[in-house]
Amino acid sequence: DVCSSDLPTADTLLATVERYAATVTARDAGAYAALFTPEAVQVDPYPTAPNVGRDAIRDFMQRSIDGCETMVFEVTEVHPVADRAALAFHITLDLEGGAVMHIRGIEVFTVTEDGLISAVDAYWGDRDVTFD
């Protein structure tokens, strides 16, 4: 029942997205993993094999952090509905050697009433990656 009282509010969904963007930009893999429920499932990008649980999600983020000098996660649109937040994003990564990578895509979060992410699917592909 989508009207159930155990759903997050729109404000909770928006706050979760804001925390996510700030944590990615801060490049803190431990804080990133803490945004998720213990048994969360992350698919990034879809349809790669899922990262299941906080340890796997933390390791995914650490690999991403290790591959760049800086990382800026910008949310360009958010659509909070029931227990989901669909968002458009633009990530800018400064790579070792001076190249700058841009990834644009969509992420869909499933969020618990207390604002933790229980699932996320990221949709982006080769056409969404550009370099300066």
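The values are calculated or read from the model by the stated rules, or taken from the named source; none is laboratory data. As the structure is a prediction and not an experimental result, all values here were calculated from the model. Cβ coordinates were reconstructed from backbone atoms using ideal geometry, including for glycine residues, and neighbour counts include every protein chain displayed. SASA here: full protein model, heavy atoms, side chains in, ligands and nucleic acids out. Shrake-Rupley method; radii C 1.70, N 1.55, O 1.52, S 1.80 Å.
Given a 1.4 angstrom probe, what's the average accessible area per residue across the chain, in square angstrom?
Details: 6980 Å² over 132 residues.
I get 53 Å² per residue for this part.
Roughly what angle does helix 54-66 make with the longest principal axis of the chain, taking Cα atoms, 0 to 90 degrees, to the nearest 10?
Relative to the chain, helix 54-66 is tipped by roughly 30 degrees.
Given the -39500 (n - 2.57) contribution per DSSP H run of 4+ residues, what per-residue ellipticity at 222 nm results for the chain, rounded to the nearest 500 deg cm²/dmol?
Taken over the chain, the calculation gives -8000 deg cm²/dmol.
Taking the range 1-98, which GluC sites (Glu not before Pro) meet the DSSP loop condition and have no more than 15 other C-beta atoms within 10 Å? Please list the in-between numbers first.
Numbers: sites: GLU18, GLU39, GLU69, GLU74, GLU77, GLU96; in loops: GLU69, GLU96.
For GluC sites (Glu not before Pro) across the range 1-98 that sit outside H, G, I, E and B with at most 15 neighbouring Cβ atoms in 10 Å, the list reads GLU69, GLU96.
Taking Cα atoms, how many degrees apart are the long axis of helix 10-26 and the longest axis of the chain, rounded to 10 and kept between 0 and 90?
Helix 10-26 sits roughly 20 degrees off the main axis of the chain.
Between HIS90 and ASP6, what is the FRET efficiency for a Förster distance of 25 Å, r being their Cβ-Cβ separation, to the nearest 0.05?
For R0 = 25 Å, the calculated efficiency reads 0.15.
Give the carbon-plus-sulfur fraction of the accessible surface of the chain in %, rounded to a whole number; probe 1.4 Å, heavy atoms of protein chains only.
Working: 3790 of 6980 Å².
Ligands and nucleic acids excluded, carbon and sulfur reach 54 percent.
Using the eigenvalues of the Cα gyration tensor, what equivalent ellipsoid semi-axes result for the chain when each is taken as the square root of five times the eigenvalue, whole Å, largest first?
On the way: eigenvalues 129, 49, 34 Å².
With the √(5λ) rule applied to the chain, the semi-axes are 25, 16, 13 Å.
Calculate the all-directions average of the projected area of the range 84-127's alpha-carbon convex hull, and give it in nm².
Details: hull surface 15.7 nm².
Averaged projected hull area, Cα only: 3.9 nm².
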